[in-house]
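The values are calculated or read from the model by the stated rules, or taken from the named source; none is laboratory data. In this text, all values refer to a predicted model and were calculated from it rather than measured experimentally. Here the Cβ positions follow ideal geometry from the backbone for every residue, glycine too, while neighbour counts run over all protein chains shown. For accessibility, only protein heavy atoms count, side chains too; no ligands or nucleic acids. Shrake-Rupley method; radii C 1.70, N 1.55, O 1.52, S 1.80 Å.
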Amino acid sequence: MAAVRPVRGTRDYLPADSRRQRFVETTALAIASRYGYGEISTPIFEFTEVFARTLGDTSDIVTKEMYTLADRSGESLTLRPENTAGVVRAVISNGLAQQVPLKYFYRGPMFRYERPQKGRLRQFNQVGIELLGVAEPGGDIECIALAADFLSALGLEAIVNLEINTLGDPDSRRTYTERLVGYLEGRRAQLSEDSRMRLERNPLRVLDSKDEGDRAVVAAAPSIMDSLNETSRSFFAAVRAGLDTLDIRYTINPKLVRGLDYYCHTAFEFTTEALGAQGTVLAGGRYDGLAEQMGGRPLPGIGWAAGVERAIMLVGDHGGAFPDEPRPLAVVPQSPAQDAAAQRLARELRRAGLPVDIGYAGSIGKRLKRANRINARAAIIVGEDELARDRVAVRDLDSGIQEEVALAALADGLVRFL
Ligand code: ATP
Ligand code: MG
């Protein structure tokens with residue numbers, strides 16, 4: 001029955017998965033907070049226009065990947081494929097553009113109709129930041145530093161590489177696009193069908209192609225570095241100098257372009273060898289033209305987004321570590337006669353802030369077995385004799401050592417197990 005399968009490219013996040021997801025998200029939020037970024041949360045869907053106008057009608061996302069639906073009033077809505085457009089829309093709708101700089105962190109699900117594979121889902125999660133109203137290279141440097149600190153905090157410093165490029169200002173980008181088209185036109189026959197289409201509509205995108213044949217053609221393509229005007233050149237030099245000052249290592253990849261239309265100047269990615277084809281963990285860039293394209297006043301911006309599922313795969317398998325799963329305490333009545341007392345005690349301990357599990361039925365042996373199965377740290381055994389003296393037995397389930405503890409001192413005494 002179709003209804004009991006998840007939709008292709010979606011998955012369930014069971015408690016262990018959710019814990020990892022939260023860890024990645026809260027790590028990102030903690031680092032972003034240190035830089036003064038506050039959390040923003042925009043709707044999961046927007047008017048289709050918000051994405052169609054900003055991502056450009058030639059981007060892969062708009063042409064192939066959007067989940068678009070008509071709601072009951074006939075409005076065309078789209079599940080957000082990314083969050084930058086939504087954040088900029090929110091800044092304009094809330095009239096915040098005068099209060100720059102604006103510094104936002106976000107997390108949440110994104111939706112793209114893609115071919116699912118390892119590290120590629122149709123519903124996936126991103127964490128990201130946006131810095132709005134800063135036209136200076138200092139903004140680019142801060143964003144990249146924040147990204148580097150986030151990945152280091154996950155323990156991934158040694159397995160990711162920072163690649164940077166510049167797309168130049170609109171003038172340089174135009175000059176370069178013409179040169180690139182000249183080169184690619186001469187090699188049209190060697191290009192994939194997708195890239196021949198990109199060549200017509202959005203030639204820079206050919207540089208981003210994952211097709212083997214395209215890659216060979218692209219390898220010898222002219223470099224953007226030779227098309228930069230003075231403004232673009234000095235902007236890029238300032239970004240590089242800032243990264244050097246902060247000892248952030250990078251390689252320059254002149255073929256790196258962002259998949260979206262609104263980027264200029266700095267583009268960057270943190271990539272890894274450890275994830276096969278899905279090697280980009282975090283990607284970002286400057287998007288000075290976006291707010292205007294959306295109908296707002298000019299508002300420079302820069303930001304990045306990281307794939308949470310990809311980060312989780314890396315932390316789990318290649319670097320860093322997730323925090324240990326917290327271990328509960330188990331309250332175990334000696335016999336059914338102590339059930340009520342055990343229930344009361346469990347609730348009291350929980351209200352005192354302790355994580356407490358209690359079996360619902362069964363003999364003391366069965367309940368101790370359950371305590372072991374859930375990896376409880378200690379068992380609080382509620383027995384008739386002890387109870388009569390206002391005491392319980394506390395068994396350290398790692399060492400097996402058991403001792404009697406007065407009820408009045410119990411909550412405090414249990415803290416050492418956490
Ligand atoms: P790719 O080249 O892998 O398709 P992209 O350029 O489309 O990536 P961005 O739009 O820059 O990706 O998104 C930023 C990050 O979000 C990516 O680097 C990746 O970690 C993650 N991401 C993007 N699409 C997916 C997806 N379908 N499933 C899981 N993670 C994704
Ligand atoms: Mg993509």
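Computed values, structure above
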{"read-out": "In Å², nearest 10: area of Arg53 left accessible to a 1.4 Å probe", "value": "110"}
{"read-out": "Within the accessible area of the chain (1.4 Å probe), percent carbon and sulfur", "value": "50"}
{"read-out": "Folded to 0 to 90 degrees: helix 364-373 orientation relative to the chain principal axis, Cα", "value": "20"}
{"read-out": "Net charge of Cβ neighbours under 11 Å - reference Asp17; Lys, Arg +1; Asp, Glu -1", "value": "+2"}
{"read-out": "Within straight-line cross-link reach of Lys118, lysines at Cα separation under 26 Å, skipping those fewer than 8 residues along the same chain", "value": "Lys64, Lys210, Lys255"}
{"read-out": "Degrees, to the nearest 10: 84-93 long Cα axis against longest axis of the chain", "value": "90"}
{"read-out": "Surface per residue (accessible, 1.4 Å probe) for the chain, Å²", "value": "48"}
{"read-out": "The stretch 155-218: C-alpha gyration tensor shape, a/c 1.5 cut-off, then a/b vs b/c", "value": "oblate"}
{"read-out": "Under 9 Å, Cβ to Cβ, from Val332 - net charge with Lys/Arg +1 and Asp/Glu -1", "value": "+3"}
{"read-out": "Hz values of 3J(HN,Hα) by residue in the stretch 266-277 - Karplus curve (6.51, -1.76, 1.60), Gly and Pro given as x", "value": "5, 10, 8, 8, 9, 10, 9, 7, 7, 10, x, 5"}
{"read-out": "Protection proxy ranking of 383-389, 102-108, 74-80, 360-366 - average other beta-carbon atoms within 10 Å, highest first", "value": "102-108, 74-80, 383-389, 360-366"}
{"read-out": "With Cα atoms, 0 to 90° folded angle of helix 230-245 axis to the chain main axis", "value": "30"}
